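I have placed the structure first, in the form of structure tokens, so that the comments after it can refer back to it.
The values are calculated or read from the model by the stated rules, or taken from the named source; none is laboratory data. Keep in mind that what you see is a predicted model, and the values were worked out from it rather than measured. Note: ideal-geometry Cβ built from the backbone for every residue, glycine included; neighbour counts use all protein chains shown.
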Amino acid sequence: MVLALFAAILLYGFGTRIPDTIPAVSQAYILAAQNEYSSQNVLTPILLSWRGFDTFGELIILFMATTAISFLSRKNQRKGSERKTHLEATRVTVSGVAVLQPLLFVFSVYIFSFGHLSPGGAFQGGVILGSGFVMWTLVHPNEELKINALSVIEAICGIAYLITALLGLILLGSFLDPGYLPFGEIGNFFSAAALPLMYIVIGIKVGVEMIKIVSKFRA
Amino acid sequence: MIIVITAIALMSVGMWGLFSLRNMLKLVFAFNIFETGLNLLIVSIGFIPGKAAPILDLPGIRENPLPHLVDPLPSVLVLTSIVIGVVITAVMLVFVVLYYRKTGSLELPDQGI
């Protein structure tokens, strides 16, 4: 009964709307992405520059969640070391992962470094990097991961993203402004100023965080 | 219109699951289904039938982009919300694991919540 009411209200609210034009804000975003930023993907400058504070807070939430998961599963690791069992991967898994894993890593790097040209971006690429790590755990079920090295990579990428954001504040006077690099021609790989740089850094950071989260669940 | 109906159906399934299931793992699944429906609903706000994704790759779109593209703003907001959803799911799963290690079951207790 309550569900039917809920669905009816939502249907009335959203279903009766028949849009044919896009709002003025979005029109301004599209034109500015083409003319000012020369970014082929319209979503990228919105995500990283105009609404960059959202992305900034999102990365902080990701970092906090990784920290919380590490803290919560800290006791389990000590307990898990007592009852260690020896597992072995089957031949099918080993062969399949050997084919798929390099492809996944290359694909994830492609996704987050071409985020300003094609659909995709840092977060999707990072999650694909994490899924490549899931395949690694299927093949090597007994090996431990060097969490400290991963934390160092994550910290370096976080600081690098902060530097790319602060350079805009120092050189151009506004935070998260990517215009300190040349804008280039629309459609080229070296275009859209510092947006690809930010995407690469965020992609590596998200990927490492996904790997950390998955490795915490293995214990 | 079909997108809106699908999104609301997904949200209804997820909400039914959140209200009526007792297994914690299934609650996490129901939350994920609800969130998928919610993201689809937000994306459907910006969707206009017959228009392309906001990527300026074809020359015809680059010359005059405004009449050819859908609204990019809801997609960007959903991109943020998907990542937050993944993180929330991970934290919820950690709590489920801790609860299972402590009590040995995934069922919610009948009283005392």
*asked:* Looking at the range A:1-30 only, could you name the residues that are within 7 Å of another protein chain (Cβ to nearest Cβ), assigned to a helix (DSSP H, G or I) and under 28 Å from B:R62 (Cα atoms)?
replied: A:V25, A:S26, A:Q27, A:Y29, A:I30
*Note down all Cβ pairs under 7 Å where the first residue falls in the range B:49-65 and is more than 9 Å from chain A (Cβ to nearest Cβ), the second is at pLDDT below 75 and in a helix (DSSP H, G or I), and they're at least six residues apart or on different chains.*
B:A52/B:I61
*Could you run through the range A:117-134 and say how many residues are more than 18 Å from B:V86 (Cβ to Cβ) and surrounded by 18 or more Cβ atoms within 10 Å (Cβ to Cβ)?*
1
*Number of the exception - A:I60 against (1) under 17 Å from A:G158 (Cβ atoms); (2) more than 10 Å from every other protein chain (Cβ to nearest Cβ); (3) buried (at least 19 other Cβ atoms within 10 Å of the Cβ)*: (3)
*Give the residues of the range B:61-110 that are touching a strand residue (DSSP E or B) at 6+ places or on another chain (Cβ under 6 Å) and assigned to a helix (DSSP H, G or I), sorted by residue number.*
B:H68
*Hey, can you tell me all the residues within the range A:158-188 that are farther than 14 Å from A:S49 by Cβ and of a type in the set (V, I, T)?*
A:I159, A:I163, A:I170, A:I186
*Can you spot a residue in the range B:23-36 that is under 27 Å from A:F123 (Cβ atoms), surrounded by 19 or more Cβ atoms within 10 Å (Cβ to Cβ) and among the acidic types (D, E)?*
yes
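What about A:L150, is it under 22 Å from B:V76 (Cβ atoms) and either of a type in the set (F, W, Y) or out of contact with any Phe, Trp or Tyr (no Cβ under 6 Å at 6 or more places or on another chain) (or both)? Step through it out loud before you land on a result.
Details: under 22 Å from B:V76 (Cβ atoms): no; either of a type in the set (F, W, Y) or out of contact with any Phe, Trp or Tyr (no Cβ under 6 Å at 6 or more places or on another chain) (or both): yes.
So A:L150 fails the test.
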*Selection status of B:T36, closer than 24 Å to B:V97 by Cβ, assigned to a helix (DSSP H, G or I) and touching a Leu at 6+ places or on another chain (Cβ under 9 Å)*: yes
*asked:* So in the range A:168-196, with the set limited to residues that are surrounded by fewer than 19 Cβ atoms within 10 Å (Cβ to Cβ) and outside any loop (DSSP other than H, G, I, E, B), which one is nearest to the other protein chains (Cβ to nearest Cβ)?
replied: A:L169
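Filter the range A:197-219 for residues that are more than 13 Å from the chain's Cα centre (by Cα) and part of a helix (DSSP H, G or I); which is farthest from B:V83 (Cα to Cα)?
Of the residues in the range A:197-219, the ones more than 13 Å from the chain's Cα centre (by Cα) are A:197, A:212-219.
With part of a helix (DSSP H, G or I) added as a condition, the list becomes A:197, A:212-217.
Details: A:L197: 20, A:K212: 15, A:I213: 13, A:V214: 15, A:S215: 18, A:K216: 18, A:F217: 18 Å.
Here the answer is A:L197.
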*How many residues are closer than 22 Å to B:I8 by Cα and touching a Leu at 6+ places or on another chain (Cβ under 8 Å) when one looks only at the range B:39-72?*
5
